[in-house]
1. Could you say which residue among THR62, THR40 is at pLDDT 95 or above and among the hydroxyl-bearing types (Ser, Thr, Tyr)?
2. I'm trying to understand the selection: among the residues of the stretch 1-10, which are of a type in the set (D, E, K, R) and part of a strand (DSSP E or B)?
3. Restricting attention to the stretch 31-47, and to residues there that are in a helix (DSSP H, G or I), surrounded by 12 or more Cβ atoms within 10 Å (Cβ to Cβ) and among the hydrophobic types (A, V, I, L, M, F, W, C), which single residue is nearest to the chain's Cα centre (by Cα)?
4. For the stretch 1-10, what are the residues that are buried (at least 18 other Cβ atoms within 10 Å of the Cβ) and closer than 20 Å to ALA54 by Cβ?
5. I'd like the full set of residues that are in a helix (DSSP H, G or I) and exposed (fewer than 15 other Cβ atoms within 10 Å of the Cβ), limited to the stretch 11-29.
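The values are calculated or read from the model by the stated rules, or taken from the named source; none is laboratory data. Everything numeric here is computed off the predicted structure, so don't read it as measured data. Note that we place each Cβ from the backbone using ideal geometry, even for glycine, and neighbour counts take in every protein chain shown.
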Amino acid sequence: MYICICKAIREREVDAAVRAGARRPADVFRACGKSPQCGTCACDMRDRIAHAIAHERSVQPTLLAAD
């Protein structure tokens, strides 16, 4: 699903940017090589960033336990 229609940024791109260290919408745009346009996506992007961070944290202990 698209998070940013103007710049065609999808959920999976936001997730990848978060895995690479993005923590704010501006970080996601930078990671995707794009710049914000209208700002309508900011709330949805923040929600997706939070979701991706929460998912990262829930999976991380599992990965550490497997080592």
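1. On the way: THR62 fails: at pLDDT 95 or above.
Answer to the selection: THR40.
2. Of the residues in the stretch 1-10, the ones of a type in the set (D, E, K, R) are 7, 10.
Across the stretch 1-10, the qualifying residue is only ARG10.
3. Taking the stretch 31-47 as the starting set, the residues that turn out to be in a helix (DSSP H, G or I) are 31, 42-47.
Filter again for surrounded by 12 or more Cβ atoms within 10 Å (Cβ to Cβ), leaving 31, 42, 44-47.
After this cut, where a residue has to be among the hydrophobic types (A, V, I, L, M, F, W, C) as well, the list is 31, 42, 45.
Values: ALA31: 10, ALA42: 11, MET45: 7 Å.
Top of the filtered list is MET45.
4. ILE3, ILE9
5. Keep residues of the stretch 11-29 that are in a helix (DSSP H, G or I), which gives 11-19, 25-29.
ARG12, ARG19, ALA26, listed by residue number.
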